[in-house]
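Below is one structure; the comments refer to it alone.
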Amino acid sequence: MNRLFLAFIGPIFLVIGCQSERTPIVSKTEEMMGTAVHVSIATSKNEKTQGAQSAMNEALEEIRKVENIFSLWIPESEVSRLNQEAWEKPVKVSPPMAQLLKASIKIARETHGAFDITILPLAQLWKEKMQQGSIPTREEIAQAKARVNFGNLSISRQDEVRFLRKSLALDFGAIAKGYAVDQAVHVLRKNGFRNFMVEAWGDIYVSGTFGKTRKWKVGIKHPRAENEVIRVLEVKDQALSTSGDYEQYLDRGKRRYHHIIDPRTGYPSRRCVSVTILAPTSTLADSYATAIFVLGPKKGSELIQRKPGFKAIIIFESKGKLKVIEVGK
Ligand code: AMP
Ligand code: MG
């Protein structure tokens, strides 16, 4: 019988089966983008191990580059500079920054503002308060909410970014990790590897197979039961991302406050408890998982159904019970 082992304990994680198969796996983990990033390559021959090590190092290096562009914790990162300067003058941005800005604006329009990368004032406010064990006041929420509006963000054909309001500030927390995973995937493919996975807390890309033919298995964490899995999916050449209300949260009475904010109300979105998106790229899976979480089960499943190559597993609470909707082909 296959023995399963759960490789990581994020919202989604790799479940590797089959002791019997004895596929050599080369893995590496590094702390970056505020989490642990894992790369695993299933090598067909032991002699490939050497190449796998250097490809993994190169892939992780690529993720580091993405972090240096999008991290709000790094004062010299491109996003930190943009947040300081784009009100005073137009700022020419790098190709990765232009790519994520355009992708984010597209999703913001498509979701009528449920997804909005100008969320920073609200995201920061909730984070700070929750860390102190409290919640913001109505006035504080109203003030921060007034600053959030992707319509005040402009990007020219020459990739020059301009903020149309002084108080605008960008936060790529819902999309940059997925993009980083995609960049690592490109590096591994460029180095000739086909069978591997890259995972960064909640965002995973699974390429090829495990062993000769077996598909990699990915488990989705049960949103309300510690150490339980709600689904195990067999996947190949696909990205999966999960956004959940159990990652950073504060429970107050019956209410749960967490890190995924509805820009239209200024409060954490209560429509879902967990959303997993399967998509062709990790950038898309990451951003749509957050977007669908805010849109909710009804509008969210309608949107995913219109998108070829997308699937969604949407978990929400209704009358005190968990319900699961699965959509897409
Ligand atoms: P994720 O864990 O991928 O769902 O991303 C959550 C992070 O994205 C939060 O910590 C915020 O930084 C940011 N965020 C929160 N709400 C939104 C939203 N409605 N649109 C875009 N980004 C958001
Ligand atoms: Mg996301």
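The values are calculated or read from the model by the stated rules, or taken from the named source; none is laboratory data. The structure displayed is predicted, hence computed values, not measured ones. Cβ coordinates were reconstructed from backbone atoms using ideal geometry, including for glycine residues, and neighbour counts include every protein chain displayed. Accessible surface areas use protein heavy atoms only, side chains included; no ligands, DNA or RNA. Shrake-Rupley method; radii C 1.70, N 1.55, O 1.52, S 1.80 Å.
Structure values in brief
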| quantity | calculated |
| --- | --- |
| Residue among Arg255, Arg264 that is of a type in the set (Lys, Arg) and modelled with pLDDT under 95 | Arg255 |
| Qualifying residue in segment 294-305 (condition: assigned to a helix (DSSP H, G or I), away from ligand 1 (no atom under 13 Å from the Cβ) and of a type in the set (A, V, I, L, M, F, W, C)) | yes |
| Residue identified as surrounded by fewer than 21 Cβ atoms within 10 Å (Cβ to Cβ) and near ligand 1 (Cβ under 9 Å from one of its atoms) among Gly113, Gly133 | Gly113 |
| Complete set of residues in segment 72-105 that are within 16 Å of ligand 1 (Cβ to nearest atom) and charged (D, E, K, R) | Lys102 |
| Residue selected from segment 186-202 under the condition in contact with a strand residue (DSSP E or B) (Cβ under 8 Å, 6 or more places away or on another chain) and farther than 20 Å from Thr213 by Cα, by the criterion nearest to ligand 2 (Cβ to nearest atom) | Gly202 |
| Segment 112-163 - residue that is on the phi < 0 side of the Ramachandran plot and among the acidic types (Asp, Glu) and, of those, farthest from the chain's Cα centre (by Cα) | Glu139 |
| Residue match in segment 60-67 (condition: part of a loop (DSSP other than H, G, I, E, B), within 16 Å of ligand 2 (Cβ to nearest atom), aliphatic (A, V, I, L, M) and crowded, with 20+ Cβ neighbours inside 10 Å) | no |
| Per-region count, segment 193-207, residues farther than 16 Å from Ala312 by Cα and open to solvent by 10 Å² or more (accessible area, probe 1.4 Å) | 4 |
| The one condition in (1) within 14 Å of ligand 1 (Cβ to nearest atom); (2) at pLDDT 95 or above that Pro280 fails to fulfil | (1) |
| Strands (runs of 3 or more DSSP E) wholly inside segment 215-281 containing at least 3 residues that are touching a helix residue (DSSP H, G or I) at 6+ places or on another chain (Cβ under 6 Å), within 16 Å of ligand 2 (Cβ to nearest atom) and within 24 Å of Val198 (Cβ to Cβ) | 238-244, 274-279 |
| Ala291 being within 12 Å of ligand 1 (Cβ to nearest atom) and either polar (S, T, N, Q) or surrounded by 16 or more Cβ atoms within 10 Å (Cβ to Cβ) (or both) | yes |
| Failed item, numbered, when Lys127 is tested on (1) within 16 Å of ligand 1 (Cβ to nearest atom); (2) open to solvent by less than 70 Å² (accessible area, probe 1.4 Å) | (2) |
| Residues of segment 213-270 satisfying the condition of being in contact with a His (Cβ under 8 Å, 6 or more places away or on another chain) and surrounded by fewer than 20 Cβ atoms within 10 Å (Cβ to Cβ) | Glu228, Val229, Ile230, Tyr246, Glu247, Gln248, Tyr249, Leu250 |
| Unique match (being over 20 Å from the mean Cα position of the chain (by Cα) and not aromatic (Phe, Trp, Tyr)) among Lys254, Lys217 | Lys254 |
| Filtered residues of segment 137-173 (kept if part of a loop (DSSP other than H, G, I, E, B), open to solvent by less than 40 Å² (accessible area, probe 1.4 Å) and of a type in the set (Val, Ile, Thr)) | Val148 |
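Each row is one residue, and each column tells you yes or no for (1) modelled with pLDDT of 95 or more; (2) under 30 Å from Thr209 (Cα atoms); (3) of a type in the set (S, T, N, Q).
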| site | (1), (2), (3) |
| --- | --- |
| Phe5 | no, yes, no |
| Val15 | no, yes, no |
| Thr29 | no, yes, yes |
| Ser44 | no, yes, yes |
| Ala98 | yes, no, no |
| Ser104 | yes, no, yes |
